[in-house]
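Accompanying notes for the structure given below.
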Amino acid sequence: MTKGLVFTIQRYSIHDGTGIRTMVFLMGCPLHCPWCSNPESQGTVQPKVWMKNKKPETLGRWMSVEEVIREVEKDEIFYRTSGGGLTLSGGEVLMQADFASELLRAAKELGISTAIETAGSLPLHQFEKVLPYADQILFDLKIMDSARALAIIGDKMSLIKTNFEAALRTKTVQLIPRVPLIPGYTVRQENLEQIRDYLKEQGIHELHILPFHQFGSQKYEDLDQAYALKNTPLLKKEDVEQIREFFEHSALNVVVSGLA
Ligand code: SF4
């Protein structure tokens, strides 16, 4: 029986797919985005220990597909009334692609709509395991310049583009590109232009932007890890508006969604 390492299950989310969602967060991520709000999920797929209120706490619980589905089904009434469902997030969902695939398939068999959040940063054969079972893919585009992406977050643009374009070819999936707006990292004129050009090239008409927040900062302290964006101020409302207008000028429909 395939088991997955889950670090949180969060109910009643309204920013991560259509309607009211139950979010299942999976451990493991190959990237190291300096702004990451789930730093506890980074690295290999294994439980971690952090200090919470001066006490050690283990993060990550191995769960079977059936156990997770039992939790997800508890909110079935909300899915029916809002058009919501299950969203897998992380970490990077593709780090546990076999488990994610089984979980998504089980949800779909029960008539529950499925979504994943991904940065698409693993090889295509991993991505292809989840593709047939995801109704929506919330696909993060972060730093488009290959050298900067590799140096800053450890991302390979060739993988991202291969996966993004594979999802686009799969007509059954609703692909939603999302850009976390991180001052000094993703929010740089040349990066925004590269994102715009790539989306236009791919024939995309909708983009979600996620303003930077500081919700994850306490986690760095709990992990005894340095947080590079500790003193980075939030974007002003007018800055977000300016970015929205920039993309809208290129005929992209922009949704200011949740937070990065
Ligand atoms: S891809 Fe997501 S989970 Fe992974 S390091 Fe970046 S922000 Fe964190």
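The share of C-alpha pairs in the range 5-150 whose separation exceeds 22 Å stands at 38 percent. Surface analysis of the chain yields an accessible area of 47 Å² per residue, using protein heavy atoms and a 1.4 Å probe. What is the local net charge at E128, summed over the other residues whose Cβ is closer than 14 Å to its Cβ (Lys, Arg +1; Asp, Glu -1)? Computed value for this residue: +1. Partner lysines whose Cα lies under 29 Å from the Cα of K108, excluding those fewer than 8 positions away in the same chain, are identified as K3, K74, K129, K161, K171. Centre-to-centre, using Cα atoms only, the range 174-237 and the range 83-160 are separated by 17 Å.
Calculate the dipole size of the chain relative to its Cα centre from +1 charges on Lys and Arg beta carbons and -1 charges on Asp and Glu beta carbons; express the result in debye to the nearest 20.
Dipole magnitude for the chain comes out near 360 debye.
Compared with the rule-of-thumb size 2.2 N^0.38 Å for a compact globular protein, the range 3-256 has a Cα radius of gyration ratio of 0.98.
Placing pseudo-labels 7 Å out from each Cα toward the beta carbon at H213 and A147 gives an inter-label distance of 3.5 nm.
The values are calculated or read from the model by the stated rules, or taken from the named source; none is laboratory data. These numbers were taken from a predicted model, which means no experiment stands behind them. With ideal geometry, Cβ positions are generated from the backbone for all residues, glycine too; neighbour counts draw on all protein chains shown. Accessible surface areas use protein heavy atoms only, side chains included; no ligands, DNA or RNA. Shrake-Rupley method; radii C 1.70, N 1.55, O 1.52, S 1.80 Å.
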